[in-house]
Every structure is written in structure tokens, then in C-alpha cells.
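For reference, the structure discussed in these notes is given below.
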Amino acid sequence: MNSFALSLLLWMSVHSCSKGAFLLASRHNVGTELFVEATREKLINGKSNILILDHLNINHEKGRHDWLRAFYFDFLQCAVDPRKEENLDAGSKTLWANIGTNQFHLPEGKPDAQVLDGCVTLAYRDINALCLKIDHAKDAMKGSLFDVEKIGEHELKVIDPWGSRFRIIEANADDVVDTRGRQPGDRSEGLAMTDLAINVDKDTNLDGIARFYSSLFDASTVVTPGSSVVVKVGPTQTLTFLVKDCEGKVSHADLVESEEGIINYGAHISMYIADFPKTYDKAESLGVTYVNPRFKRQAYNKDEAIDQCMFRIIDIVDPENVEKGSILKIEHEVRSVIKKDGSKYKSCPFDKVPDQCLTTS
């Protein structure tokens, strides 16, 4: 089983909040391997208008740049994005932490940190280097929720200073590195964000989520009834919606009414897509386009979306039952690789415009 197939075991390994769930991912019986390989084949060979899940935006606790630095840069060995490096020197405001072609956008909370109800899977060539940093990291983040547990020989279960969960796996670079480019600045020790798992409630319409991504983004999906939906969001990258069997209601939005509109202070994900105009048209027809007044870049119509190279959605709906309303809310920043004139958008991590990208003009 190669490392990308292993990452697809996330649907099992975070199916519970317990230690045993992570151990489950290491028990690769024949039936499990056949399932994972079949899933991998469908997703790798399948289509997707989504080119990459570029970043996760999640707030850190205001005034705790020390913990932010200790976790993302000293422990995880993410690279400091030079576009926000002055904030690292100043010890305040937003930081961007790079891992391969992927990023974490880390704004200050007001004042609290956000805790992702899910799990982020990061791939490394060798986890032993991280293991050597554990004691120092615990000292640097003393008083926080930071914790590390080794699961077998090739995996770590990690809790960040505020409670968000990470899964660190060993991987072959050839299996997970996105060769289309990388984020600017120094290279990170980590190879890639291979999966982002988003927890959902037990009664969630998983088939509806799959239909949403298939309809809106032409993305290949695999549904495990009662358990998960896995969506292809890159050549070897997945977005997983996972039924949570722990107590408590799942929420991924923090909505506040304002004069400008409904502001979402919750975490969001950002993705680049190939056919931007067509995707906007589909989102508009489903009634899911959204403007978040929290951010300066706003798109109220298709022309503004093309000018801004982005638009947002927050509601995931079932295309076969739109009138029933939102299945769940999680904000997506949907980005275009190319600008109106056909040139590459400056923030896109690719070295060149992929062939499948269609002009926005």
C-alpha cells in the first residue's frame, strides 16, 4: 500500500475521538487494503474540476504568536511565507505557514483561537525528525493543549496548542509531492497536506454531499454509507467528510449579522479550480454563492468574481433536494488560476497555468 492509499485510511482513523481509532489505521487487513486501493484508483483516475485544496484558514489565539511559531514553524517545520514574514518579526497579526504547495492561513482570533472539528493529515519523508523535537515543543507550548502520540512506527497523532487535531504520516515524496509548483520562500520539511477531514453529524446526508461536489465541481467522490465521503481535490489530495461518533453537535461556521451582511468568523478552505466561469454559474443556479464582509475581496456577481479571481460559498446542499436547505455550512473560497487577461493569478502556487484551465473572458 503506497502512502497516498494510506492517507485514505483517514476515514477510519478519525472516525472516533479515541486512541483506538488511530490504531485502527495501522491494522491493514486484506479487506481494508482492497477497499483503500479501490478508492485510490477511482479518485486518482477520476476527474475533478478542483485542482488543489490550497489552504486552510483558521484563527489562532490573539497574543500567542509564541505558540503559533512553536507549533507551525519550530515543530511542524512549515516554511514562513515571505508575504507575511514581517508579522512574524512583529509578533502579531496573520501568518502563513507553507507545506509544499499547501498553506495554513493563521489570522488572529478576536481573541480566541478556532478549533477545527476534524483532522488535518500532513505527509513527511521521516517522522523521526519531528519526534526529536517533541520535548522542546512541549516546553515551548507549556500550558497549552499541545500533545503528541506515536501510533506505530510511521504515524503521529498531534494536538495543536488550542485543540485542533493533526495526523502526521510518513510518505514517499513521489506519491504525494505536487510537482506543479510550491508556495514561495524556503522549502518546508513537510511534503504536503494530503487530506483535510471535516466532521459531520450522524444524520448527515452523505450522498447529498457527494452529489454537491460532483455537480458543482465535477469532482470524483467515494461514499462509504454511514461513515464518510471522500472528494478528490488534487492529484493525490482529498477532502473527507467524516461522520463523528463523539458527543456534541458539529459546527463549522460562526455567523454574525452586520450592516454589511452575514459575517462568517469560522474557518474556511480555499481551492483553485479549472473552469471558473462554469463553476460560478452552477453555484449561482444552486443559490449557494456567498459574500463574507469579513474579507476585502468580495464578489456579488459573475463579473466581480472574474475580476477578483474568486467567489465564496458556505452552504453545501443536495442538488436533488435544494429546497431542503443546507446540509452543512463550511466556507469555501473558490479561486481561479487565471485572471481575466489569461495570465496566472499571483497567489496561485503553480509554476504555470495548467492545460485544463479555461479562459475567464
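The values are calculated or read from the model by the stated rules, or taken from the named source; none is laboratory data. It should be emphasised that the depicted structure is a prediction, and the values quoted were computed from it without experimental measurement. Here Cβ is always computed from backbone atoms with ideal geometry, including for glycine, and neighbour counts include all displayed protein chains. These accessible areas exclude ligands, DNA and RNA; they are computed on the full protein's heavy atoms, side chains included. Shrake-Rupley method; radii C 1.70, N 1.55, O 1.52, S 1.80 Å.
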Worksheet entry | Interatomic Cα distance distribution for segment 208-305, bins of 5 angstrom, percent | 2, 10, 17, 19, 21, 17, 9, 4, 0
Worksheet, complete the sentence: Between the residues 213, 52, 313, the Cα farthest towards the positive end of the dipole of the chain, that dipole coming from +1 and -1 charges on the beta-carbon of Lys, Arg, Asp and Glu, is from 52
Fill in: Tally of Lys pairs whose C-alpha atoms are under 29 Å apart, taken over segment 97-252, 8 or more apart or cross-chain
26
Worksheet, complete the sentence: D (µm²/s, integer) via Stokes-Einstein for segment 263-361, Kirkwood Rh across alpha-carbon pairs, 10 °C, 1.306 mPa s: value 113
Discussion item. Considering just Cα atoms, how many Å³ per residue does the convex hull of segment 64-136 enclose?
Written reply: 110
Item to complete: Tell me the label-point distance for the pair residue 303, residue 131, using the 7 Å Cα-to-Cβ offset, in nm and rounded to one decimal.
Response: 6.0
Discussion item. Once you order the gyration tensor axes a ≥ b ≥ c over the Cα atoms, which shape class does segment 132-220 get: rounded for a/c under 1.5, otherwise prolate or oblate by comparing a/b with b/c?
Written reply: oblate
Discussion item. For segment 270-347 and segment 129-201, what is the centre-to-centre distance using only Cα atoms, to the nearest Å?
Written reply: 29
Fill in: Charge tally in the Cβ shell below 10 Å around residue 114, where Lys, Arg are +1 and Asp, Glu are -1, residue 114 excluded
-4
Worksheet item: Using the beta-carbon distance between residue 153 and residue 295 and R0 = 41 Å, what value does 1/(1 + (r/R0)^6) give for FRET efficiency, to the nearest 0.05?
Response: 0.45
Practice prompt. May I have the pair-distance distribution P(r) for segment 246-287, computed from all Cα-Cα distances with 5 Å bins from 0 and rounded to whole percent?
Written response: 5, 15, 13, 16, 23, 17, 7, 4, 0
Worksheet, complete the sentence: Taking 0.36 nm per residue of separation between residue 115 and residue 323 and subtracting their Cα-Cα distance, the length gained on full extension comes to 71.8 nm
Worksheet entry | Computed over the chain: relative contact order in percent, which uses C-alpha pairs under 8 Å that are six or more apart | 19
Worksheet, complete the sentence: Cβ-Cβ cut-off under 14 Å around residue 262, Lys and Arg +1, Asp and Glu -1: the net charge is -3
Discussion item. Please report the antiparallel percentage of the DSSP beta bridges confined to the chain, to the nearest 5.
Written reply: 70
Worksheet item: residue 201 to residue 284: FRET efficiency via 1/(1 + (r/R0)^6), r the Cβ-Cβ distance, R0 22 Å, to the nearest 0.05?
Response: 0.20
Worksheet, complete the sentence: Total charge of the residues flanking residue 316 in space, meaning their Cβ is under 14 Å from its Cβ, with Lys and Arg +1 and Asp and Glu -1, is -1
Worksheet item: On average, how much accessible surface per residue is there in the chain, in Å², for a 1.4 Å probe, leaving out ligands, DNA and RNA?
Response: 42
Worksheet item: If you project the alpha carbons of the chain onto their three principal axes, what span does each projection cover, largest first, in Å?
Response: 52, 52, 41
Fill in: Apportionment of accessible area to carbon and sulfur, the chain, percent (1.4 Å)
47
Item to complete: Using label points projected 7 Å from each Cα along Cα→Cβ, tell me how many nm separate residue 179 and residue 92, to one decimal.
Response: 4.6
